[in-house]
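I have placed the structure first, in the form of structure tokens, so that the comments after it can refer back to it.
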Amino acid sequence: MANKVATGIPGLDELVDDGFPDGRVVLVIGGPGTGKTILCSQFLYKGIYDNQENGIFVSLDESKEHFYSEMKQFGWDFEKAENEGKFAFIEATRMSQAAMLKEKLFREESRSLRGKKLSIDRLIEDLQAKIASYKAKRVVVDTLAMLTYRFPDPVERRTAVVELIQSLADMNVTCLVTTELKHLGLEREALDEEFMVHGVIMLQTLFSESTTTRAIQVEKMREAKVNPSLVPYSINKNGIEVFPNMPLFGD
Ligand SMILES: Nc1ncnc2c1ncn2[C@@H]1O[C@H](COP(=O)(O)OP(=O)(O)OP(=O)(O)O)[C@@H](O)[C@H]1O
Ligand SMILES: [Mg+2]
């Protein structure tokens, strides 16, 4: 059985049976604004300063400057961590179509699948090199949803996702990968990536009468006795906190 890695999120270790499985890939699924980026950043930041585990953040949708200033509001100084050699930010936003459109690269690369595949391969190589030079133990990839724009063809997208997730699983780091969900509810179709990863965590916003509640659920975690309940979480100036023993809509 895999060793456990502290999640850095108060209350979450309890849901996932003492932490994330060491060296595995966990998928964080959630709609816009549910806190995917904050959760992943907290996992990296606490890893660096509470567990002495260096981290790498691969962003497919945000610039480094934007990320650094956003995370400062929680007291997480990633710039300092970078200067201390404990953290690296890989800005892979060029893989998104909006950014690609602005560049010549788009015209050149979009012509061939080979070109697109090469950019995934390049990203994986870059990440491997950074993991080695930073001796990183934790990696985040935010967000796979961006690959939908890069690979409009579902088969191509699936190939890219498989390649990325398999490579991450071989890197000997604990990895969080985010993605989005278009439809919620019991009838929703599982995403391809849910079958490829070791664990799946779902973040959602629930509406009831006059209140909205943020709710988190561990959908799967191989080799672990998870608490599968849907429980509340909050986002505040300290980041994310999970309340494993609190009822969803209060009493
Ligand atoms: N200081 C804060 N206190 C309370 N809530 C906050 C604070 N800062 C951000 N939030 C909330 O966090 C959410 C944004 O979190 P985050 O960017 O991690 O979400 P996301 O799931 O990554 O969204 P996206 O799909 O846009 O990438 C917003 O809903 C915002 O209301
Ligand atoms: Mg985000």
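What to note about this one:
- In the set (1) assigned to a helix (DSSP H, G or I); (2) modelled with pLDDT of 95 or more; (3) touching a strand residue (DSSP E or B) at 6+ places or on another chain (Cβ under 8 Å), the condition left unmet by V140 is number (1).
- Only one entry of A160, A145 meets the criterion of being touching a helix residue (DSSP H, G or I) at 6+ places or on another chain (Cβ under 6 Å), in a helix (DSSP H, G or I) and aliphatic (A, V, I, L, M), and that entry is A160.
- The lone criterion from (1) within 16 Å of ligand 2 (Cβ to nearest atom); (2) within 26 Å of Q166 (Cα to Cα); (3) surrounded by 18 or more Cβ atoms within 10 Å (Cβ to Cβ) left unmet by M71 is number (2).
- Considering residues of the stretch 195-218 that are free of Cβ contacts under 8 Å to residues at least 40 places away in the same chain and in a strand (DSSP E or B) only, the residue surrounded by the most Cβ atoms within 10 Å (Cβ to Cβ): A215
- Tally of residues being touching a Lys or Arg at 6+ places or on another chain (Cβ under 9 Å) and more than 8 Å from ligand 1 (Cβ to nearest atom) across the stretch 28-56: 13
- Scan of the stretch 163-177 for residues that are within 24 Å of I38 (Cβ to Cβ) and in a helix (DSSP H, G or I), ordered by number: L164, I165, L168
- Selection within the stretch 163-181 - away from ligand 2 (no atom under 16 Å from the Cβ) and farther than 11 Å from V25 by Cβ: E163, N172
- Picking from residues in the stretch 138-153 that are more than 13 Å from ligand 1 (Cβ to nearest atom) and touching a Ser or Thr at 6+ places or on another chain (Cβ under 6 Å), the one that is farthest from V197 (Cα to Cα) is Y149.
- A count restricted to the stretch 51-76 and to residues that are assigned to a helix (DSSP H, G or I), of a type outside the set (G, A, S) and farther than 17 Å from V139 by Cβ stands at 5.
- Looking only at the stretch 1-40, and only at residues there that are within 16 Å of ligand 2 (Cβ to nearest atom) and in a loop (DSSP other than H, G, I, E, B), the one that is farthest from M246 (Cα to Cα): P32
- L230 vs. criteria under 23 Å from I38 (Cβ atoms), away from ligand 1 (no atom under 16 Å from the Cβ) and surrounded by fewer than 20 Cβ atoms within 10 Å (Cβ to Cβ): yes
- Checked against (1) at pLDDT 95 or above; (2) within 12 Å of ligand 1 (Cβ to nearest atom), T205 passes all but condition (1).
- Here T178 fulfils each of the conditions (1) free of Cβ contacts under 8 Å to residues at least 60 places away in the same chain; (2) under 17 Å from the mean Cα position of the chain (by Cα) apart from (1).
The values are calculated or read from the model by the stated rules, or taken from the named source; none is laboratory data. This one's a predicted model, so the numbers in the text were calculated from it and none came from an experiment. Heads up, the Cβs are rebuilt from the backbone with ideal geometry, glycines too, and the neighbour counts pull from every protein chain shown.
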